[in-house]
Amino acid sequence: MDLLIILALLIIACFVGGAIERKHFKELKQKEFLYSSFLVVNKEDVGKDAEFVGLVSGNVVIGHDYFKAFLFAIRNLFGGRVRAYETLMERARREAIIRAKEKAISQNANAIVNLRVETVKISIGGGQNKLGCFEAIAYGTAVKINKNIKIDKPVINNHGMEILK
Amino acid sequence: MILTNIETVPGKQIVEHYGMVYGSTVRTKHMFADIGAGIKNMFGGELRSYTDLLEKSRQQAMKRLKNEAQKMGANAVVNVRFTTSTIAAGASEILIYGTAVKVQ
């Protein structure tokens, strides 16, 4: 009976989790395309007449699903690349960067310099659920720069461009 | 109070250094939110209550950092860094630190 419940949960988690992930990736693609002209660098180099706007940060907490945990448990026996968690971390990181960009845009900035990205494992509650979830934080200094001045080659995430192709 | 995570404040000049300042906070969520997050964690997706919690804690830590800098007589904090760590099940510590300076 217990086994049946676990199996049912796994199957539900596989479909629901998969659907959530696909939807999230689609949203990420759209938003990254929307903000693809926004300059993000992780250098401290600001142009000469850059105008200071403020410190901006974006964060997101993402939980895994039971199916991913199951895949991980199996992968953990043999070692190697854990693809199920790679996509999870990627989603969290991209979402955090988008939120930082959104905050900067709402403050009328047109670039973020010295963007730092951090990932932390946070655990929820006590009890038996020790698996926890992940937080991604992206923070940087929002500035208004003169677009004619080239800082350096901009490091823009080009996922949005893939839609065009 | 100006906060930047680069070594300077764009468009301004640093005239005085005051040393390091810290702001930290430890926060936890009530147990019902934990249960809700636990259920959400079965099927994946964003745990919005936790995102909000950490965002709010970060704002509070930043407030403390600003207060500390103000006490020193600074008007800006440069090179600000964020760190987060889990110190117990369901509780996280947020630490924000930087260098208090006076800019002109």
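Take the residues of region A:26-50 that are surrounded by 16 or more Cβ atoms within 10 Å (Cβ to Cβ) and more than 18 Å from the chain's Cα centre (by Cα): which is modelled with the highest pLDDT?
Among them, the one singled out is A:ALA50.
Specify the residue that is surrounded by the most Cβ atoms within 10 Å (Cβ to Cβ); the eligible residues are those in region A:90-134 that are modelled with pLDDT of 90 or more and within 17 Å of B:PHE43 (Cα to Cα).
For region A:90-134, the residue satisfying everything is A:ALA92.
Pick from region B:1-48 the residues that are part of a strand (DSSP E or B) and of a type in the set (Phe, Trp, Tyr): which of them is nearest to A:ILE62 (Cα to Cα)?
Among those that are part of a strand (DSSP E or B) and of a type in the set (Phe, Trp, Tyr), it is B:TYR22.
Is region A:66-76 home to any residue that is modelled with pLDDT of 90 or more and in contact with a Gly (Cβ under 8 Å, 6 or more places away or on another chain)?
no
So which of B:MET62, B:MET42 ends up being without any contact (Cβ under 8 Å) to a residue 60 or more places away in the chain, touching a strand residue (DSSP E or B) at 6+ places or on another chain (Cβ under 7 Å), facing another protein chain (nearest Cβ under 9 Å) and closer than 23 Å to A:ARG91 by Cα?
B:MET42
For every residue, the table says whether it meets (1) part of a loop (DSSP other than H, G, I, E, B); (2) more than 20 Å from A:LYS103 (Cβ to Cβ).
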| position | (1), (2) |
| --- | --- |
| A:ALA8 | no, yes |
| A:ILE12 | no, yes |
| A:PHE15 | no, yes |
| A:LYS23 | no, yes |
| A:LYS26 | no, yes |
| A:LYS31 | no, no |
| A:ASN42 | yes, no |
| A:ASP45 | yes, yes |
| A:LYS48 | yes, yes |
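If you check B:MET20 against the conditions, is it more than 7 Å from chain A (Cβ to nearest Cβ), in contact with a helix residue (DSSP H, G or I) (Cβ under 9 Å, 6 or more places away or on another chain) and of a type outside the set (Lys, Arg)?
no
Would you be able to tell me the number of residues in region A:37-65 that are touching a Gly at 6+ places or on another chain (Cβ under 8 Å) and more than 9 Å from chain B (Cβ to nearest Cβ)?
Summing the residues that are touching a Gly at 6+ places or on another chain (Cβ under 8 Å) and more than 9 Å from chain B (Cβ to nearest Cβ) in region A:37-65 gives 3.
Can we say B:GLY73 is more than 19 Å from A:VAL117 (Cβ to Cβ) and modelled with pLDDT under 90?
No: the conditions fail for B:GLY73.
Looking for something without any contact (Cβ under 8 Å) to a residue 24 or more places away in the chain, part of a helix (DSSP H, G or I) and touching a helix residue (DSSP H, G or I) at 6+ places or on another chain (Cβ under 6 Å) - is there at least one such residue anywhere in region A:56-71?
Scanning region A:56-71 turns up at least one residue that is without any contact (Cβ under 8 Å) to a residue 24 or more places away in the chain, part of a helix (DSSP H, G or I) and touching a helix residue (DSSP H, G or I) at 6+ places or on another chain (Cβ under 6 Å).
The values are calculated or read from the model by the stated rules, or taken from the named source; none is laboratory data. Being a predicted model, the structure only gives us computed values, none of them experimental. Here the Cβ is made from the backbone with ideal geometry for all residues, glycine too, and neighbour counts use every protein chain on show.
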